[in-house]
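The next block holds one structure in the form of structure tokens; read it before the comments.
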Amino acid sequence: MSIFSEVKYVPYADSRDCMNALATIEAIDFFFARQILLSQQQIGSSLSPTQYQEVFHVLLALSQYQRRGSVCIYLSTLANVHMWQAASPDTEIEANDIDVQSGSNAHERQDAQGAVAGAPESFVRGFQFSGIDELHNMLALFTQGLRPNSYLVLEKSRLYSKRYWHYEHTLCRYIAASVQQATIDKQHGRLISQQMLVSETMGLLFATPVVSNNIPDLQQLAVLNSLALPLSIITGGAGTGKTYTITRLAILISIVNSVPIHAIEMVAPTGKAANRMAQSLTEELAKLTLVPQLADICQSFSQLQPKTLNRLLKTKPITGQSAYSAQRPLPVKLIIVDETSMIDISLMHKLIDSLSPGTQLILVGDPNQLPSVETGCLLADLVAHPFAHMPVQHWQSLCNIYPALRLAEDFAQQHLVTNHKAGRGVVNKLVGTRRSHQIVDSFANAILAGDAAHALNIAQVEQYASRTMPSALLNSVVTFEQSRGQVQILPLMSANTEQSNSLKYAVDKVIADHILPHLFNLFKANSPDEAFLALKKYALLTPFRKSYLGTASLNQLIELALSKHFNWIKPNQLYKCKPIMILQNDYQLSLFNGDIGIMWENSDKELVAYFTVDKHLVAYPVYNLPAFDTNFAMTIHKTQGSEFENVDIILPPSDSDFLNKQLLYTGVTRAQKSVRIFTSIQTFRQTISTSADRISGLDASLSAALACFGQQE
Ligand SMILES: Nc1ncnc2c1ncn2[C@@H]1O[C@H](COP(=O)(O)OP(=O)(O)OP(=O)(O)O)[C@@H](O)[C@H]1O
């Protein structure tokens, strides 16, 4: 490619020029699009220079969508759209407010404000895409001209990077093969011959009947259903009894399907989640071991050590290569994966690729939580597909295995079974939290439903005077307070004071009035044990790590405020009772990214860090610790999988779709008793009307794969 032709087809001199012309585009998008265009050797053969320039913009969009977690883009989302225009002047002023006060860099500003600050409006002109037919023809011609090992795939109107297309297709083929009706029927046939064993074991595992008042117990139904399926998914919100259910399911599978303990693996995406799975497993086994007939099997199950998915696959940290693959499959018969919502498409592909034929896979998680940090939102996509629902013949097979279910026939007809031909009964949904306060649960569900009116109704909003606030950033900042079934809204600061014109004043006031009283309980602790109990009672969450209202800044502000009350507290230093969070996994020390510890003196009066490992307090010398941070405030992302009695969430305004209902739902469902959200009504409404939707082709690809296998049956 000569310099001359590059200038002709890449419409920007360099990445800076491109970023100046297109708001929210980053340098990496420019280099991605340029690389693909320039590696296209037949450039100029079938498309005009103007068309190549439009293809260049489609590639920019693909890069941007993938960077934000989508697996592909639909050309229809671009058709006739004018993208990447300048933001409105109002928004820019607001963004500048934050910039001045926080000193955050451009990237963080983008997180906090939707990446609009900086370039004057006249330069941020955006790009107008053509209609769908033109776009489709252009991309079809362009991808046809690509070399066979090219980076792009156009399938129908979905444009993928080849890697993601491959992951999605492999996954859909695996799923379709696993849930073929013939496979399911065969399993049911086998289980019917073991009816007695299933029935007796269920009676030992569960204290209540499988059907009461003609309504099935959803946990037991999930267990019976999953027993027969090569692939099943168990979903539910926090505290709906997922671990309770999978512990019993694993025992039942082990007994009925004759799976030895060494052929069972329990895994989670992070070390912290695996640790938590281990704790819940231990608790459930302790209860079951009281049933004499189950004591032996519980004893064997206590040897199970939940681990991270990468640990199971023996993935090398630097190369990312796993020891297990299609060539060397995992010697495992049953794999239960917890916190599946956090798993990205590439890790899931790795797991699927390394399964031995006949391995039973059970995916567990809450599809409404934040999607994975990397690409895709697999669990939510799978749950939304019609294959989730149970076909009539599947329900009847279950009733044959477990005749007691027939008492729930009417319920099943109304709520469970479907006539949809794609239905395979793969998803088992648990409902009703057994842990959180009912009002927290209702509030979280209203957030999820995007129902601002209902959520605000639950919160009993009182709005405060806002005329003294300086900008949209501050002018309706309020506090929602919700405790023990009550929800209040309190003013962030008293109105009509000179000082209220400052964000710093507002945040200091929230810290002094609302956050410190909770933290004082931590500093009353007389031992690390008591300190850990205090940490379970309260957590302060924010969406961001950087920016003025991010964890780094809040931790500093809180330390400063605390140092005025306790003269031995020195900001940025270690001191007794300081909470810390581990930032990277250390398998040897059994410390994992997201683990929370507390600084305390040991018997030699040295300051050491205490962590709870396998339910025991373990002291670590500070010099031995992996990277860690102060932890008075933590990001919502880091608290996924943790729970606290009372939770405060700081929700600053943002134009970015980074603030969305899944993020807020995840934060709110960390609370067992009460949650307060420091925000404005406007930001609250905007957050819950925004969804963290990521684009994938899973729905279409899975339907096509199911249809393909259906024809073979
Ligand atoms: N059917 C049941 N009968 C009695 N107790 C139950 C039942 N189901 C769940 N529990 C209890 O409710 C609590 C929450 O259950 P569990 O930990 O299984 O929920 P979870 O959905 O895994 O929660 P999380 O999303 O936080 O991981 C546990 O103490 C568990 O023992």
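The values are calculated or read from the model by the stated rules, or taken from the named source; none is laboratory data. Just so it is clear, the model here is predicted, and its values are computed rather than measured. Cβ sites come from the backbone with ideal geometry, for glycine too, and all protein chains shown count toward neighbours. These accessible areas exclude ligands, DNA and RNA; they are computed on the full protein's heavy atoms, side chains included. Shrake-Rupley method; radii C 1.70, N 1.55, O 1.52, S 1.80 Å.
As a test of the formula, what do you get for the chain when each DSSP H run with n ≥ 4 contributes -39,500 (n - 2.57) and the sum is divided by the residue count, at 222 nm and rounded to the nearest 500 deg cm²/dmol?
Values: 28 runs with 295 residues, N = 713.
Calculated mean residue ellipticity at 222 nm is -12500 deg cm²/dmol.
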*What FRET efficiency comes out for the pair Ala140/Ser39, r = Cβ-Cβ distance, R0 = 22 Å, nearest 0.05?*
0.75
*Please calculate how many Å² of accessible area the chain carries per residue, with a 1.4 Å probe and no DNA, RNA or ligand atoms counted.*
43 Å²
*Given R₀ = 35 Å, FRET efficiency for Ala286-Tyr623 by Cβ-Cβ distance, to 0.05?*
0.45
*Give the long-range amide H neighbours of Gln672: residues separated by 5 or more places, or on another chain, with amide H under 5 Å away, using H modelled in the peptide plane at 1.01 Å from N.*
Phe644, Glu645, Asn646
*In the full protein assembly as shown, how much of Cys708 is accessible to a 1.4 Å probe, in Å² to the nearest 10?*
70 Å²
*Decide, for the chain, between rounded, prolate and oblate: order the square roots of the alpha carbon gyration tensor eigenvalues as a ≥ b ≥ c, take rounded if a/c falls under 1.5, and otherwise choose prolate if a/b is larger than b/c, else oblate.*
oblate
_Run through segment 279-375 and list the trypsin sites (Lys or Arg not before Pro) located in a DSSP loop whose Cβ has at most 16 other Cβ atoms within 10 Å._
Lys314
*Could you tell me the accessible area of Val58 in Å² (1.4 Å probe, neighbours in place), rounded to the nearest ten?*
0 Å²
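Give, as a single signed number, the net charge of other residues whose beta carbon lies under 10 Å from the beta carbon of Tyr74, with Lys and Arg counted +1 and Asp and Glu -1. Write down the numbers at each step before the final one.
On the way: positive: Lys156, Arg158; negative: none.
Here the charged neighbours net out to +2.
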*Which shape class, rounded, prolate or oblate, goes with segment 233-297 when its Cα gyration tensor gives a ≥ b ≥ c as root eigenvalues, a/c under 1.5 marks rounded, and past that a/b bigger than b/c marks prolate?*
prolate
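Could you tell me what percent of the accessible area of the chain is made up of carbon and sulfur, with a 1.4 Å probe and every protein chain present? Before the final figure, lay out the partial values.
Working: 15360 of 30390 Å².
Roughly 51 percent of what the probe reaches on the chain is carbon or sulfur.
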*Taking the dipole about the Cα centre of the chain, with the C-beta of Lys and Arg at +1 and of Asp and Glu at -1, give me whichever of Leu159, Ala23, Phe301 is farthest to the positive side.*
Phe301
*Hey, got the dipole for the chain? About the Cα centre, +1 on K and R Cβ, -1 on D and E Cβ, debye to the nearest 20?*
1200 debye
*For q = 0.18, 0.24, 0.26 Å⁻¹, Debye-computed log10 I/I(0) when each Cα of segment 349-425 counts as one equal scatterer*: -0.93, -1.13, -1.18
